[in-house]
Amino acid sequence: MTVPTTIDSIKRSLVGLKMPRALEVLDAAVRRVEQGEMDGIGALDQILIEELTHRENRRVRTALLVSRLTTIKSLQGFDFTFQPCLDRSRIMALAELKFIDRAEVVHLLGPPGTGKSHLATALAVEAVKAGRSVVFSTLADLIGSLAKAERDGTLRERIRYLARASLLVVDEIGYLPVTPGGGNLFFQLVAARYEKGAMILTSNRGFAEWGEVFGDPVVATALLDRLLHHAVVIQIEGSSYRLRQHADLVPEHVRSKALISPTISPRRRGRPPGRTKADLTSG
Ligand code: ADP
Ligand code: MG
C-alpha cells in the first residue's frame, strides 16, 4: 500500500512546516476521504483552514497580551438600546478603523458606568484582530510607567515605544488626580504621537476641567491643542449600566447628577440578566 507512506510523508512535511493543527486533523480528514464523505481537494481545504484559524487565534491571543488589554469586550456585547443618545452607526463606523489610518483622536466622554471603557476596549480588540499594534492603559498607569522610565533614564525609549503603536487607548482620564509632573510626561507622549498615531481617550470630565485634572492649566491647554485637532468627540449622556438594577438605592444627590436617569423604564433597567453586585465596584 502506498497510502500510508504518503500520509507519513505529509505528516513529516507538516512537522517541518510547523503546522501543528493540520497535523492534528490530518488523520480524521483522511478517514472522511476514505469513507467517501469528502474528496481530496475538500480535505486539503479543510486542513488548511484549520491551520490558518489556529494561527489567527494564536496571533490575536498574543497581540491582546502585548497590548495589555486585561478585559475583553465586544461591540456585539454592547446594548445600544440602553444608551439611546449614543449613535450606534458612529461607533460602527469607528469599528472600520479608518480613524487609525487618519491618526485621529477619539474622545469618549460621559459619567461613570456609561460604557466608555467597554467601547474603548471593544474598538481596541477590533484593531488587534485587524493586525494593528495597540497599547491600552489607564492614564494613571501610563503616567506611572513614564515616571518610572524617567527615573531609570529610559524615558526616550519608553516614549518611542508608545509612539510606535498604531492605536494608544488611554482610559480613565479624570478619575484620579494626576501626580505632579505627570501632565508634562503625558504631553511629551502626546506630542510624539501627534498626527502620527491614533488615540482613544475616555473621561468622565469635560475639557474645561482638564486644567484641574492635570493640576496645570498650561499643560492642559497644550494637551487639548493637540488632542482636539483631528478629533472625534462622542458624548454619552446616559445612565450607569452598573447601577441599572440598583437605581432605587442610589441617593438623590447622585441621581440628580445624571448618574441614574429617572426616565429609564423598569423593563430596560432589568436587562440583560445575570449581572452581579460586583459590577457596582468594578472600575
Ligand atoms: P465606564 O468606563 O463608562 O465607567 P464601563 O464601560 O466600565 O463604564 O461599563 C461598566 C460595566 O457595564 C462594564 O462591565 C460594561 O461592560 C458594562 N456596560 C456598560 N454599558 C453597557 C451597555 N450599553 N451594554 C452592555 N454592557 C454595558
Ligand atoms: Mg471606565
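The values are calculated or read from the model by the stated rules, or taken from the named source; none is laboratory data. Just so it is clear, the model here is predicted, and its values are computed rather than measured. Neighbour counts run over all protein chains shown; Cβ positions are idealised from the backbone, glycine included. With ligands, DNA and RNA removed, areas are computed over all heavy atoms of the protein, side chains included. Shrake-Rupley method; radii C 1.70, N 1.55, O 1.52, S 1.80 Å.
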Discussion item. Go through segment 93-124 and report how many residues are open to solvent by 10 Å² or more (accessible area, probe 1.4 Å), more than 25 Å from Ala191 (Cα to Cα), within 14 Å of ligand 1 (Cβ to nearest atom) and assigned to a helix (DSSP H, G or I).
Written reply: 1
Worksheet item: Can we say Ala147 is surrounded by fewer than 21 Cβ atoms within 10 Å (Cβ to Cβ), of a type outside the set (S, T, N, Q), under 15 Å from the mean Cα position of the chain (by Cα) and more than 30 Å from Ser239 (Cβ to Cβ)?
Response: no
Item to complete: Report, ordered by the first and then the second residue, all pairs with beta carbons closer than 6 Å, sequence separation of six or more or different chains, a first member in segment 69-87 that is among the charged types (D, E, K, R), and a second member that is within 15 Å of ligand 2 (Cβ to nearest atom).
Response: Lys73/His118; Lys73/Thr121; Lys73/Ala122
Response to the item:
Of the residues in segment 206-243, those that are under 21 Å from the mean Cα position of the chain (by Cα) and in a helix (DSSP H, G or I) come to Leu227
Worksheet, complete the sentence: When Asp141 is run through (1) without any contact (Cβ under 8 Å) to a residue 12 or more places away in the chain; (2) open to solvent by 50 Å² or more (accessible area, probe 1.4 Å); (3) more than 16 Å from ligand 1 (Cβ to nearest atom), the failure sits at (3)
Worksheet, complete the sentence: Within segment 175-205, residues closer than 14 Å to Leu224 by Cα and over 18 Å from the mean Cα position of the chain (by Cα) come out as Gly183, Asn184, Phe186, Phe187, Gln188, Leu189, Val190, Ala191, Arg193, Tyr194, Glu195, Arg205
Practice prompt. Taking only segment 17-44 into account, find how many residues are open to solvent by 60 Å² or more (accessible area, probe 1.4 Å) and of a type in the set (Gly, Ala, Ser).
Written response: 1
Discussion item. Testing Ile159 on (1) away from ligand 2 (no atom under 16 Å from the Cβ); (2) within 20 Å of Thr202 (Cβ to Cβ); (3) among the hydrophobic types (A, V, I, L, M, F, W, C), one condition comes back false. Which one is that?
Written reply: (2)
